[in-house]
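The values are calculated or read from the model by the stated rules, or taken from the named source; none is laboratory data. Just so you know, these numbers come straight off a predicted model, no measurement behind them. For neighbour counting, all protein chains shown are included, and Cβ atoms are generated from backbone atoms with ideal geometry for every residue, glycine included. Protein only, heavy atoms only, side chains kept; ligands, DNA and RNA dropped before computing areas. Shrake-Rupley method; radii C 1.70, N 1.55, O 1.52, S 1.80 Å.
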Amino acid sequence: MSRQNSFGIDVIKAAAALLIINSHLEAFYSRPYLSADGLLGNTLFFFTTGFTLAGSLDRHPLESLTTFLWKRLSRLYPSVWIVMFILPVHTVPWGGAFTDIFHALIYPTYYTFVAAILPMYPVFFLLCRCEGMRRHGASVGWLMLTVATGMAVYAEWQEGHPGVAWGQRGISLNFHFLGAMLLGGHVARKGASAMASKHLGREAVIFVGLALLYLALRLLAVPAFAIRVGGFADYIALGSLVCAVCLGMAAFRLVDGRDYLRTRPTMLVIAWLAAHTWETYLLHYGVSYFAWIKALNAPWSIMAVFAVTLMLAPILKRLASLCLLRNAAV
C-alpha cells in the first residue's frame, strides 16, 4: 500500500471538503448550527496537507526550498485567480492602491487558507528536513496543539466574555493548524498505519468515543448550552481544538488499509472529493452567491451549492493546469 495514495487519507480529504462547504452555508439553514463544522473541516484539511507534504519531501530528499515553494504556489494561485475573476463574490480593486491589489491577488488574498498556509510551508519544510523530526515530530505537533489551546483560553480570559477564540482567526488557530500539519506528517513518515490494524473493534470504539467527545465540546461553545453548564463551559469547549486532530488520526487508523470498504460507488465519491478538495474549498462560497441559488429554499439551495461546486471543481482544476502549462511554455 502506498502511503502517499492512502485510502484513509483520501477519506479524510473527502470529509474535509464536505465539512468546509457545509460550514459556509449558514444563511441557507433555518437552524444555523446545522452548518457546522468548519473547525473540524479545516483541521482535517491541514492534517491531510501535512501527510501529503511529508510524503512528497520523502520522495524528493534533494528538493530545495525554492522548488518546494514553487510547486505549492503554482498549485494554489492559478485556481485562486480564476475563481476571483469568474465568481460574484470577491472583486479585485483595480482602481485602488497597489497594496489593495496585492492584498487581493497575492497575499493574503480573500481566502483564509492561503493566508494561513503560506507562512507554514517554509517552516514545515525546514522541520521535516531536520533529522530529529523523525524521532520527535509527534511531540512537536502535540506541543503546538497545547500552545494553541492555551493561547485560545488566554484570549477568552483577556476579553472577559466567551466566543472570542471561536470568532477570530488569530495566532492560536495558526499554531493549531501547524500542529495538525506536523502530526499529519508524522503519520505519513512513521507509517502509523502502514498495515491495517487487527483491532477493528478497538479502533471503532476509539473513533466513536472521540467523535462524541468532540460533539460534546463543540456544543459547550453554543450559548444555549454554555449557560446551563456555567462560566467555564467555553474554556472547556476549547479542548475540541486538540480533539479535532485526534479524531482525524483515529479516522485514519480506522479506515486505512481496509480493502473491503473500497466498493466502486464509495471509491468514486471519495476519489472525486479527495482529488478536488482545494477546488471545492475555493468554489463553494462564490457558488452560494449565485442569484438563482439564493432564490431557492432549503434544502434545495444547499443541495444546489454542493452539486454545482462538485461539477465545477474538475473544470477549475483543468483551467488551472492549462495556466501552468502556458507559463511553462513561456
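Brief remarks follow.
- Selection status of residue 19, part of a helix (DSSP H, G or I), closer than 19 Å to residue 281 by Cα, of a type outside the set (Ser, Thr, Tyr) and without any contact (Cβ under 8 Å) to a residue 40 or more places away in the chain: yes
- Matching option when the condition is of a type outside the set (Asp, Glu), under 28 Å from residue 292 (Cα atoms) and open to solvent by 50 Å² or more (accessible area, probe 1.4 Å), among 82, 106, 86: 86
- Count of residues meeting criterion [open to solvent by 40 Å² or more (accessible area, probe 1.4 Å) and either among the small types (Gly, Ala, Ser) or not in a helix (DSSP H, G or I) (or both)] in the range 109-120: 1
- Of all residues in the range 208-233, those satisfying the criterion of being touching a residue at least 40 places away in the same chain (Cβ under 8 Å), within 23 Å of the chain's Cα centre (by Cα) and assigned to a helix (DSSP H, G or I) are 210, 214, 218.
- Some residue of the range 31-51 being hydrophobic (A, V, I, L, M, F, W, C), part of a helix (DSSP H, G or I) and free of Cβ contacts under 8 Å to residues at least 60 places away in the same chain: yes
- Restricting the range 36-67 to residues that are in contact with a Ser or Thr (Cβ under 8 Å, 6 or more places away or on another chain) and of a type in the set (Phe, Trp, Tyr), the residue that is least open to solvent (accessible area, probe 1.4 Å): 51
- A single member of 29, 77, 33 is within 21 Å of the chain's Cα centre (by Cα), over 19 Å from residue 179 (Cβ atoms), surrounded by fewer than 17 Cβ atoms within 10 Å (Cβ to Cβ) and not basic (Lys, Arg), and it is 33.
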